[in-house]
1. In 10 Å bins starting at zero, report the fraction of Cα pairs in segment 24-111 per bin as a rounded %.
2. For segment 9-72, what size does the Cα cloud have along each of its three principal axes, sorted from largest down, in whole Å?
3. With +1 on the Cβ of every Lys and Arg and -1 on the Cβ of every Asp and Glu, and nothing else charged, how large is the dipole of segment 20-99 about its Cα centre, in debye rounded to the nearest 20?
Amino acid sequence: MLVAVVLPEASRGAPYVPFPSQDSLRQVQLAALACARENSSESCKRAQQLGDPLLDHPRLPANCKDLIWQMLAKAQPAPTNSFSRRQAISDPAERLLLVCRSAEKPESTDTPAAKPAGGGGGINFGGSQR
């Protein structure tokens, strides 16, 4: 019983939730840009449908969720598609892929590059080795 209290939640077998793929984030970005450009209910509804689940994603950082929130707050059809409306949607959409990157380093299966066989380790400017 005491073990359950001492162990952190992650070690209790909580399911692993992968970070959203760049492709899925790109789809949200494209939908938001289409909403800004077209000002139609279909394009804005698509942006809302793709972006809403990301606001509850456990792996996304707060600054990424803030960008999505800014986008979705303005991603609704308006009587006139003003410049300020388009910018309010497209500015956060354009920054989305930069801000919402995974901080995890991919596992590398490549072997490190072999060192040159020249020995010495320095730069040889035209001189011969002695």
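None of the figures in this text is laboratory data; all of them are computed from the coordinates on show. In this text, all values refer to a predicted model and were calculated from it rather than measured experimentally. Here the Cβ is made from the backbone with ideal geometry for all residues, glycine too, and neighbour counts use every protein chain on show.
1. Answer for segment 24-111: a P(r) of 19, 48, 21, 8, 3, 1 percent.
2. 47, 19, 17
3. 100
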